[in-house]
1. Just want the answer: with Cβ charges of +1 for Lys and Arg and -1 for Asp and Glu, which residue in Ala16, Leu45, Ser56 is farthest toward the dipole's positive end in the chain?
2. Between exposed GluC sites (Glu not before Pro) in the chain, where DSSP calls loop and at most 10 other Cβ atoms lie within 10 Å, what's the longest gap?
3. If r is the Cβ-Cβ distance from Ile122 to Phe53 and R0 is 35 Å, what FRET efficiency results, to the nearest 0.05?
4. Among 91-103, 67-79, 125-137, what's the highest-first ranking by average C-beta atoms within 10 angstrom per residue?
5. How big is the dipole moment of the chain about its Cα centre under a simple scheme where the beta carbon of each Lys and Arg is +1, that of each Asp and Glu is -1, and everything else is neutral? Debye, nearest 20, please.
6. Mean residue ellipticity at 222 nm from the helices of the chain, using -39,500 (n - 2.57) per DSSP H segment of n ≥ 4 over the full residue count, to the nearest 500 deg cm²/dmol?
7. Modelling each spin label as a point 7 Å along the Cα-to-Cβ direction, I'd like the Ile14/His110 distance in nm, to one decimal.
8. Dividing the alpha-carbon Rg of segment 75-143 by 2.2 N^0.38 Å yields what?
Amino acid sequence: MPELTTKRPEFRNINAFKDLTTYRLPAAGWVSILHRVSGLLMFLLLPLIVWLFDTSVSSEISYERFVAAFAGGLGFVPAWLLKLVVLALIWAYLHHLIAGVRHLWMDATHAVTKEFGKSSAIVTLVLSIGLTVVLGAKLFGLY
C-alpha cells in the first residue's frame, strides 16, 4: 500500500533569514511567547503601575492629578501616549491572566491533547484581544 502523506521538512540547521520567515508557529506557540512577553511588560512597567495606583488612591488632590494625566498629559508625556502604554498594560494583564488560567486548567485536568492545546490557545488569543479592545474603547472614551 503506497504512503499518501508527504514528508514534512526537517529543520536541523536553521537559517534565521531564510527559514524563520517561512516557519508557521502554531497558536499554542504564539500564546507561550506572548505569555512571556506580557509578564516581562508587566514587570518592566511595575513602577508606572505603582505610581498609577498610588496617585489614584492617596487623596482627592492626587486623584485629580491622575485624571488630568489621562485628559491632558503628564508634563512632557502626551495623554495619548500614556493611554497607549496603559492599553499595553491592560493587554499584558489580560493575556497573562487568561494564559495562566489555561495552564492551570491543563495541569488540573490533564488536558494535554494537541486538539485542546490548539483550541484553548485560540480562545486565549481571542479573549485577551477582544477584552483589550473593549477596555481600550473605554479608555479612549469611545463609550
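Computed from the coordinates by the stated procedures, all read-outs in this text should not be read as laboratory data. On a predicted model such as this, the values are computed, not experimentally measured, just so you know. Cβ sites come from the backbone with ideal geometry, for glycine too, and all protein chains shown count toward neighbours.
1. Result: Ala16, furthest along the dipole toward the positive end.
2. Working: sites that count: Glu3, Glu10.
For GluC sites (Glu not before Pro) (loop position, at most 10 other Cβ atoms within 10 Å), the longest site-free span of the chain is 11-143.
3. In this case the efficiency is close to 0.60.
4. Highest to lowest by the protection proxy: 91-103, 125-137, 67-79.
5. Using only the charged Cβ atoms, the result is roughly 500 debye.
6. Values: 5 runs with 100 residues, N = 143.
Computed mean residue ellipticity for the chain: -24000 deg cm²/dmol.
7. 3.2 nm
8. Details: Rg = 15.6 Å, N = 69, 2.2 N^0.38 = 11.0 Å.
Compared with the compact-globule rule of thumb, segment 75-143 sits at 1.42.
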